[in-house]
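Reading through the structure tokens given below for one structure.
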Amino acid sequence: EDKVVQSPLSLVVHEGDTVTLNCSYEVTNFRSLLWYKQEKKAPTFLFMLTSSGIEKKSGRLSSILDKKELSSILNITATQTGDSAIYLCAVTETSGSRLTFGEGTQLTVNP
Amino acid sequence: DSGVTQTPKHLITATGQRVTLRCSPRSGDLSVYWYQQSLDQGLQFLIQYYNGEERAKGNILERFSAQQFPDLHSELNLSSLELGDSALYFCASSGGAGVSGELFFGEGSRLTVL
């Protein structure tokens, strides 16, 4: 059974700090790893990383996939209070029939 | 706005009752996924339908069932409800039969069982 483990489960920082969120996975026939941000309700898509695209960046957010270590990190630089959310990591396998999610990291950014 | 619509947004009911949650996928999407999010378990995959047919099943209880109709909307039926069924139920959609890219999530239906 596919498994995704995220760490830390919660994190409290001050505005301007840089944070690194971790995700490790066990999946048969890995296809892709996705990061989502969940504020109040619906998760919203951030990045998708695959064997052919192991690094993505958008503004202050960036993510890297380490296929050897079966893990990924999500970096957020110069954090803002609006970054406060649950960050979810998920993986799919080649059948692509589902996303398997980790428990998420609850990030709180204080002013 | 993801384009995925879920109703109702909130639902309060008693143990032993039955409820139906409804989802309309994004226009043109053929796949619908149902997820359960509890406080202590994160997002758990329940079931996927593609173009009216069940395609994948996760940790869905026998008391739960789902279907996708010809107009591609989907319903999740929860019966003999227990306190532990209280959760946020998400529907998501995608274009193809599998997850080749992002899933688009609805706002969720919050179920409270008293």
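The values are calculated or read from the model by the stated rules, or taken from the named source; none is laboratory data. Because the structure is predicted, anything quoted here is derived from the model rather than measured. Cβ coordinates were reconstructed from backbone atoms using ideal geometry, including for glycine residues, and neighbour counts include every protein chain displayed.
Close contacts from the range A:23-42, counting a first residue that is within 14 Å of A:GLY102 (Cα to Cα) and a second that is of a type in the set (Asp, Glu) and part of a strand (DSSP E or B), with Cβ to Cβ under 7 Å and a gap of 6+ residues or different chains, come to A:VAL27/A:GLU93. Restricting attention to the range B:20-60 and to residues that are in contact with an Asp or Glu (Cβ under 9 Å, 6 or more places away or on another chain) and of a type in the set (Val, Ile, Thr), the residue that is surrounded by the most Cβ atoms within 10 Å (Cβ to Cβ) turns out to be B:ILE47. For B:LEU78, the conditions (1) touching a helix residue (DSSP H, G or I) at 6+ places or on another chain (Cβ under 8 Å); (2) over 30 Å from A:LEU9 (Cβ atoms) all hold with the exception of (2). Selection of the range A:47-72 for residues being within 11 Å of chain B (Cβ to nearest Cβ) and surrounded by fewer than 18 Cβ atoms within 10 Å (Cβ to Cβ) yields only A:THR50.
Just one of the numbered conditions (1) modelled with pLDDT of 95 or more; (2) in a strand (DSSP E or B) is not true of B:LEU43: (1). Considering only residues in the range A:28-62 that are in contact with an Asp or Glu (Cβ under 7 Å, 6 or more places away or on another chain) and not β-branched (Val, Ile, Thr), the one that is farthest from B:LEU103 (Cα to Cα) turns out to be A:ASN29. For B:GLN67, indicate whether it is out of contact with any Leu (no Cβ under 7 Å at 6 or more places or on another chain), more than 12 Å from chain A (Cβ to nearest Cβ) and surrounded by fewer than 21 Cβ atoms within 10 Å (Cβ to Cβ). Judged against the criteria, B:GLN67 is a match.
Please go through the range B:1-25 and pick out each residue that is within 13 Å of chain A (Cβ to nearest Cβ), over 13 Å from the mean Cα position of the chain (by Cα), in a loop (DSSP other than H, G, I, E, B) and more than 29 Å from A:GLU1 (Cβ to Cβ).
Just the residues of the range B:1-25 that are within 13 Å of chain A (Cβ to nearest Cβ), to begin with: B:1-6, B:9-10, B:23.
Those left that are additionally over 13 Å from the mean Cα position of the chain (by Cα): B:1-3, B:10.
Filter once more, keeping what is in a loop (DSSP other than H, G, I, E, B): B:1-3.
Within the range B:1-25, B:ASP1, B:GLY3 qualify.
For the range A:73-109, the set of residues classified as away from chain B (no Cβ under 11 Å) and in contact with an Asp or Glu (Cβ under 7 Å, 6 or more places away or on another chain) consists of A:ILE76, A:THR79, A:GLN80, A:THR81, A:ALA85, A:LEU107, A:VAL109, listed by residue number.
Can you spot a residue in the range A:17-36 that is among the hydrophobic types (A, V, I, L, M, F, W, C) and within 11 Å of another protein chain (Cβ to nearest Cβ)?
Step one: filter the range A:17-36 for residues among the hydrophobic types (A, V, I, L, M, F, W, C), giving A:19, A:21, A:23, A:27, A:30, A:33-35.
Narrowing further to those that are within 11 Å of another protein chain (Cβ to nearest Cβ): A:34-35.
Looking through the range A:17-36, at least one residue is among the hydrophobic types (A, V, I, L, M, F, W, C) and within 11 Å of another protein chain (Cβ to nearest Cβ).
Within the option set B:LEU76, B:LEU39, B:LEU46, B:LEU61, being within 11 Å of chain A (Cβ to nearest Cβ), aliphatic (A, V, I, L, M) and under 14 Å from the mean Cα position of the chain (by Cα) holds for one residue only, B:LEU46.
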